[in-house]
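**Q** One structure follows; several queries about it will come next.
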Amino acid sequence: MELLMEHGANPVFLPCPESSFGGYDKGLQRGKHGIDYYKGTEGYEGYCVRLAEQWAEMILDMQTGGFDFICILGVEHSPTCAVSYMYSHKGMLKRAGMFYEALLRELNGRGMKVPWIGINRTHPQKALKALEMRLSGRD
């Protein structure tokens, strides 16, 4: 957040499908689940797609209104919000999470190209460096 504030960037926070599916008070009782768990949860994949459609439309509307989207940040290892890597019961997979995969598809379908940066929570330095480069390029 300090880095964003230093560069005068205004973050737009995307929803957490894992928390909001079934209502925020109940959610999916987030735990250490792999993608197979979420794919097997009835209605969850469709929920991610619907959220992605809604947010892609909002992002496009904001961009049309003058917002300059620098990048989209994701949380690596998340079965829902990973950009490049996620855990599974079969080990590490090189792929986007369910929500981010759907969001990327929706944005591309609307002709929007926004860079993605995956943040590894235990080693965030690489992501912070990439974000700083993106932010510095717009000053």
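**Q** More than 23 Å apart: what percent of Cα pairs in the chain qualify?
**A** Of all Cα-Cα distances in the chain, 37 percent exceed 23 Å.
**Q** So, one more: Over the stretch 52-122, calculate the relative contact order: mean separation of alpha carbon pairs under 8 Å at least 6 apart, over the residue count, as a percent.
**A** Rounded, it is 37 percent for the stretch 52-122.
**Q** State in Å² the accessible area per residue of the chain; use a 1.4 Å probe, count heavy atoms of protein chains only, and round to the nearest integer.
**A** 61
**Q** Using a/c under 1.5 as the rounded threshold, could you call the stretch 36-107 rounded, prolate or oblate? The axes a ≥ b ≥ c are square roots of the C-alpha gyration tensor eigenvalues, and prolate needs a/b larger than b/c, oblate otherwise.
**A** oblate
**Q** Let me ask something else. State whether the stretch 92-132 is rounded, prolate or oblate according to the following rule on the C-alpha gyration tensor (a ≥ b ≥ c being the square roots of its eigenvalues): a/c under 1.5 gives rounded; otherwise a/b larger than b/c gives prolate, and the remaining case gives oblate.
**A** The shape class here is oblate.
**Q** By how many nm would the segment from Gln54 to Trp116 grow when fully extended, if each residue of separation counts as 0.36 nm and the alpha-carbon distance is taken off?
**A** 20.5 nm
**Q** What does the extension gain come out to for Gln125 and Met1, with contour length at 0.36 nm per residue minus their alpha carbon separation?
**A** Additional length available on full extension: 43.3 nm.
**Q** OK, next. Using a 1.4 Å probe over the heavy atoms of the protein chains, calculate the carbon and sulfur portion of the accessible area of the chain as a whole percent.
**A** Carbon-and-sulfur percentage of accessible area, whole number: 54.
**Q** Right, another one. Ranked from the most accessible area to the least, with a 1.4 Å probe and all protein chains present, what is the order of His89, His33, His123?
**A** These residues rank, largest area first, as His89, His123, His33.
**Q** Take the Cβ-Cβ distance between Met133 and Met92 as r, set R0 to 25 Å, and report the resulting FRET efficiency rounded to the nearest 0.05.
**A** Efficiency at R0 = 25 Å is approximately 0.45.
**Q** Right, next: Could you pull the accessible area for Tyr85 with a 1.4 Å probe, rounded to 10 Å²?
**A** Surface accessible to solvent at Tyr85 totals approximately 90 Å².
**Q** Mean residue ellipticity at 222 nm from the helices of the chain, using -39,500 (n - 2.57) per DSSP H segment of n ≥ 4 over the full residue count, to the nearest 500 deg cm²/dmol?
**A** After summing the helix terms and dividing by residue count, I get -12500 deg cm²/dmol.
**Q** Which aspartates and glutamates have a Cα less than 19 Å from the Cα of Lys126, not counting those fewer than 8 places away in the same chain?
**A** Partners found: Glu2, Glu6, Glu76.
The values are calculated or read from the model by the stated rules, or taken from the named source; none is laboratory data. What you see is a predicted model; the values in this text were computed from it and never measured. No Cβ is skipped: glycine too gets one built from the backbone with ideal geometry, and neighbour counts run over all protein chains shown. Remember, those area values only see protein heavy atoms, side chains included, never the ligands or the DNA or RNA. Shrake-Rupley method; radii C 1.70, N 1.55, O 1.52, S 1.80 Å.
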